[in-house]
C-alpha cells in the first residue's frame, strides 16, 4: 500500500504541475494570438498602400532622370560656349601679335596687313555668329 500512496501523491503533483503549466501558458497563447492578429492587420495595410508608394517612387525616378538629362544638356551648352570664348581669346592674342608686327613695319605693309586683319576678323565673326567653326561639322543638339 505504501507504493500506492506514493503513486497517488506523484500523480497529484504531476496533475498540479500540468494545471499550473496550462494556467501560465494561457496568457502567453492569448498574447501570441493578439500579436498575430495585429501583424495580419499591419500586413493588409501595407499591401493596400504599397502600390501608391511604388507609383510615387517611379515618379521620383522619372523626375530625377529628367533633371539629370537637363543638367547634362546645359553642361554641354556651357562647354560649347566656353570653347567659343577660348577661341575668341586666342584670336585676340593672335590679333595683338599681328598688330604689333604691323605697326613696326613700313606704311605699305601696314595697309596690306590691316586689310588682311579686317578680312580675318570678318571671316571669324561670320563663323562665330553662324555657330559653326571652320573645318568641323555642325554639332547636333
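All of the numbers you see were taken from the coordinates with simple rules; none came from a lab. Bear in mind the structure is a predicted one, so any value in this text is a computation, not a measurement. Cβ: placed from backbone, ideal geometry, glycine included. Neighbour counts: every protein chain shown.
Observations on the structure shown:
- Global geometry of segment 2-130, whether rounded, prolate or oblate, following the gyration tensor of its Cα atoms and the 1.5 cut on a/c: prolate
- Cβ-to-Cβ counts within 10 Å put 114, 7 in ascending order as 7, 114, the fewest first.
- Likely footprinting exposure, 6, 91, fewest C-beta neighbours within 10 Å first: 6, 91
- Whole-Å distance, taken between Cα centres, linking segment 15-34 and segment 62-101: 80 Å
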